[in-house]
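Here the structure comes first, spelled out in structure tokens, and everything after it is commentary.
None of the figures in this text is laboratory data; all of them are computed from the coordinates on show. Because the structure is a prediction, the values reported are computed rather than measured. Positions of Cβ are backbone-derived with ideal geometry, glycine not excepted, and every protein chain shown enters the neighbour counts.
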Amino acid sequence: MIVTPILAVVAWFAVDYYVAERPHQMKANGSYTLQEKPSCRWGSGGCILSNNDVEFSFRAHNTAKYNTLVLISSIEIDAAHIALVTNKEEHSTPVSMLKQQDNTWIINIEPVDNNQFLQLVFSVGNTQFYAVVPTIWINKEELPYEQQYSSLNEY
């Protein structure tokens, strides 16, 4: 009776091993899509984009006049470009981000609506990484527990 469950578990891992797609080596002159993490889909104040071992992490700092976006990349990039659009398929002229330190880039953009999109392109030599993400993460939501404990700071 114990043999059947053990065989089922072994078969599960064996099928995954033989059928699962293996990560591909990054090639020069290639173009790679970045996958957005769940933090990009709600008002978290941050957004992480990744493709295997390559990761780009954004943080938003908001004021009344503009939003400051800070990018930290897991690899050394040559250029970072960003465009704000109202439709995913829309084309817009990108603006270059400014390099601050080794892997840190920064840009100030106008205040955004939650139904706009950011088109992002990062260059590493002749290789490009790109993504289109909603701007909802830029406008940080105050979570219920933050509201509850924010009154404690007044004392």
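Every residue in segment 1-53 that is more than 30 Å from N139 (Cα to Cα) and in contact (Cβ under 8 Å) with a residue 40 or more places away in the chain, please.
Selection gives M26, K27, A28, N29, G30.
Filtering segment 3-54 down to residues that are assigned to a strand (DSSP E or B) and small (G, A, S), which residue is farthest from the chain's Cα centre (by Cα)?
Step by step, filter segment 3-54, then rank; the result is S31.
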